[in-house]
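See structure below.
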C-alpha cells in the first residue's frame, strides 16, 4: 500500500540527493527530467539559493534537450563549457548561456528510459570530469529505485 506519505518521503529523498549532487559538483541547478511524449518535463529540481532558472512541471521539446541527446549518445555526458560547443553540436541559441553541464540517463529496473539526471551552471565548470559522470550514474540508479517505490512498483535491484 503506497500512500501520499510514501510519495512525500520519496520526494524529500530525491530532493536531498539532488541538493547533495549540486553542492558536491559545484553546480547551480540539478534536476530529474522525465521524457514524456516529445517533451522533457522537470520533475524534481534543486537550484542554488535565489535562482529560478527552471521550474518543476516546466520543460522543453526533446530535440532541444541536451539530456535527451546524452541519453541517445549524441552529446557527451560532461561538458565544462557548453557555450563553446553550441556551433559544433548545432544547439539552439538558448544554450549559448550555458557553462558546465553533466547528465546521465535514468533507467527503471525493467530497462525503460524514464528520463535523465542532469546538472548545469551558467558559468564554465573546468572542475567537471569523468568521475563526476560515474557519481551521477550511481545517483540515477538510486533515483530510479525511489521513483519505482513512489509508483508502488516492486523494485528489482540490478547488479552490474
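Derivation of every value follows stated rules applied to the coordinates shown; laboratory data play no part. These figures come from a predicted structure and were not determined experimentally. Note that we place each Cβ from the backbone using ideal geometry, even for glycine, and neighbour counts take in every protein chain shown.
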(request) Show that you can apply the helix-only estimate: for the chain, add -39,500 (n - 2.57) for every DSSP H stretch of four or more residues, divide by all residues, and state [θ] at 222 nm to the nearest 500. (result) -10000 deg cm²/dmol
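Please work out the Cα convex hull volume for region 62-142 and give it in Å³ per residue. Show your work: numbers first, answer last.
Values: hull volume 6.7 nm³, N = 81.
About 83 Å³ per residue, rounded to a whole number.
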(request) Would you mind telling me which residue in 59, 50, 33 has the biggest mean-square fluctuation in a Gaussian network model of the chain, where springs connect alpha carbons within a distance under 10 angstrom? (result) 50
(message) Taking the number of other C-beta atoms within 10 Å as the exposure measure, put 67, 80 in order starting with the fewest.
(response) 80, 67
(request) List 24, 52 from most exposed to least, where exposure is judged by having the fewest other Cβ atoms within 10 Å. (result) 52, 24
(request) Sort 89, 95 so that the residue with the fewest other Cβ atoms within 10 Å of its own Cβ comes first and the one with the most comes last. (result) 89, 95
(request) Can you tell me the 0 to 90 degree angle between the C-alpha axis of helix 130-150 and the longest principal axis of the chain, rounded to 10? (result) 30 degrees
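Taking the alpha carbon gyration tensor of the chain, what are the square roots of 5 times its eigenvalues, largest first, to the nearest whole Å?
Numbers: eigenvalues 131, 54, 46 Å².
Calculated on Cα positions only, the semi-axes equal 26, 16, 15 Å.
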(request) Using only Cα atoms, tell me the angle between helix 4-24 and the longest principal axis of the chain; keep it within 0 to 90° and round to the nearest 10. (result) 30 degrees
(request) Could you give me the radius of gyration and the Dmax of region 11-59, taking only the C-alpha atoms into account and expressing both in angstrom? (result) 10.9, 32
(request) For the chain, with a Gaussian network of springs between Cα atoms less than 10 Å apart, report the residue from 78, 106, 86 with the top mean-square fluctuation. (result) 86
(request) Compare 121, 13, 46 in a GNM of the chain, Cα atoms joined below 10 Å, and give the one with the largest fluctuation. (result) 13
